[in-house]
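Here's the structure we're looking at; comments come further down.
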Amino acid sequence: MRTVVIQPVFEEWRKSARELLALRVPPDEVLWSDDAQEPGLFAPTDDASPRAAVPKVPPAFLDLARSVAAHCDARRWGVLYRVLWRLTHGGESHLLAVATDVDVRQLQQWCKAIGRDIHKMHAFVRFRLVGRDEATGREQFVAWFEPGHRIVHLAAGFFEKRFAGMDWSVLTPHECAHWDGNVLHFTPGVPRSAAPDDDALDDLWRTYYRSIFNPARLKVRAMQSEMPKKYWKNLPEAPLIAELIAESSGRVEKMLRTGLRPPKPAPNNAYLDSLRDLDAPGQPPPDEPPQTP
């Protein structure tokens, strides 16, 4: 039995897995660990055994492994290596198509959890203005987010495209992403105290959130499913949620009691008038264009 200690990132696992695969080390002889505090006893050992060429694997497996590697379950490295072994030395080249396989189902479940976490990060990151770069004139923003998994590398491309015109940093306990208008780079995670607590834009955001809240469409369970309470503490609009829910019934009753507003007069526009004339009852259809004999 050998224990392999790696950094908790896909590239480190892939490097070690390729070496083990080349040495034909079976999955049940490997204990994976991504705890850097493990003693030296658990460090990788040199092996003078002859190495075989590393077999090729389906691109779909690499995509799946890259996503699963961001999960925080300590079992992920072992399951990934076992599936890799089965795809190559195990002769199960079509394993990923077997949806009922226990290992494949586990990887797919982890992958779905990562996808949900990325979706929540895209939805609930709230940037706060912290200053302006005197040299470039670009505004600088910082956001704090607490994802369930190590998804910053996978999620950061969305922010790079959407907020390309400003300098920003997304800080999380696992890792941080930074964009300066030219380069997207990553740094280790930081504590919550490293992020700003408030800024002038928070009031604007709360005003906007209050204005778009529709009490007639309120479904508390559905809302909490899409916006779990664990994210509320970092959302500037969160203090309004309980108040808006409590007021919703009264607002709906008021809306029902309010009479219909009179329709606004149609704008005086010749083109729109011609369209209305075409829709008028009894109006003959427009002339058809002449047919070519």
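Numbers at a glance
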{"quantity": "Residue match in the range 193-216 (condition: under 30 Å from residue 70 (Cα atoms) and surrounded by 14 or more Cβ atoms within 10 Å (Cβ to Cβ))", "calculated": "yes"}
{"quantity": "Residue in the range 110-123 that is at pLDDT below 95 and on the phi > 0 side of the Ramachandran plot present", "calculated": "no"}
{"quantity": "Set 29, 12: member being exposed (fewer than 14 other Cβ atoms within 10 Å of the Cβ), at negative phi and at pLDDT 90 or above", "calculated": "29"}
{"quantity": "Matching residues, the range 72-108, being touching an Asp or Glu at 6+ places or on another chain (Cβ under 9 Å), among the β-branched types (Val, Ile, Thr), without any contact (Cβ under 8 Å) to a residue 24 or more places away in the chain and crowded, with 16+ Cβ neighbours inside 10 Å", "calculated": "none"}
{"quantity": "Count - residues of the range 109-163 that are surrounded by 16 or more Cβ atoms within 10 Å (Cβ to Cβ), free of Cβ contacts under 8 Å to residues at least 60 places away in the same chain and farther than 21 Å from residue 196 by Cβ", "calculated": "6"}
{"quantity": "Qualifying residue in the range 164-178 (condition: loosely packed, with under 14 Cβ neighbours inside 10 Å and either under 19 Å from residue 231 (Cβ atoms) or out of contact with any Pro (no Cβ under 8 Å at 6 or more places or on another chain) (or both))", "calculated": "yes"}
{"quantity": "Filtered residues of the range 162-172 (kept if under 26 Å from residue 111 (Cβ atoms) and either at pLDDT 95 or above or among the acidic types (Asp, Glu) (or both))", "calculated": "170, 171, 172"}
{"quantity": "Residue count for the range 10-36, restricted to those that are part of a loop (DSSP other than H, G, I, E, B) and out of contact with any strand residue (DSSP E or B) (no Cβ under 9 Å at 6 or more places or on another chain)", "calculated": "3"}
{"quantity": "Boolean, residue 51 is in contact with a helix residue (DSSP H, G or I) (Cβ under 6 Å, 6 or more places away or on another chain) and either polar (S, T, N, Q) or modelled with pLDDT of 95 or more (or both)", "calculated": "no"}
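Let's see how each residue does on (1) at pLDDT 80 or above; (2) assigned to a strand (DSSP E or B); (3) farther than 18 Å from residue 148 by Cβ; (4) not basic (Lys, Arg):
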{"residue": "225", "(1), (2), (3), (4)": "no, no, no, yes"}
{"residue": "231", "(1), (2), (3), (4)": "yes, no, no, yes"}
{"residue": "240", "(1), (2), (3), (4)": "yes, no, yes, yes"}
{"residue": "247", "(1), (2), (3), (4)": "yes, no, yes, yes"}
{"residue": "262", "(1), (2), (3), (4)": "yes, no, yes, yes"}
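The values are calculated or read from the model by the stated rules, or taken from the named source; none is laboratory data. These figures come from a predicted structure and were not determined experimentally. Neighbour counts are summed over all protein chains in view; Cβ atoms, including those assigned to glycine, are modelled from backbone coordinates with ideal geometry.
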